[in-house]
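See below for the structure under consideration.
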């Protein structure tokens with residue numbers, strides 16, 4: 001029965017500390033394409049601007065076929081919209 005209900009959704013926890021570490025460590029960055037490094041940098045900036053602590057995190061629920069970079073892009077867009085005063089009820093959980 002469980003396999004019938006599993007449609008491929010999965011969770012990913014993204015820690016701001018880990019993102020920070022990746023952004024400053026050349027060894028960790030070496031296999032990550034520049035566009036994904038930019039996603040990480042944008043996410044970290046938006047998270048800190050919103051008032052999240054450096055040891056904070058977000059938990060993504062990813063649809064089948066989605067990757068963490070796509071999920072972080074969407075979270076970053078939501079954070080930026082929140083900063084502009086849009087969708088406050090949607091993003092209140094980040095505080």
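The values are calculated or read from the model by the stated rules, or taken from the named source; none is laboratory data. This is a predicted model, so every value here is computed, not measured. Cβ placement follows ideal geometry from the backbone for every residue including glycine, while neighbour counts extend to all protein chains displayed.
Here are some notes:
- Number of the condition not met by residue 51 [criteria: (1) touching a residue at least 40 places away in the same chain (Cβ under 8 Å); (2) surrounded by 14 or more Cβ atoms within 10 Å (Cβ to Cβ); (3) under 25 Å from residue 85 (Cβ atoms)]: (2)
- Considering the chain, the qualifying helices (runs of 4 or more DSSP H), each wholly inside and each with 2 or more residues that are modelled with pLDDT of 90 or more, run over 16-24, 26-29, 34-49, 68-83.
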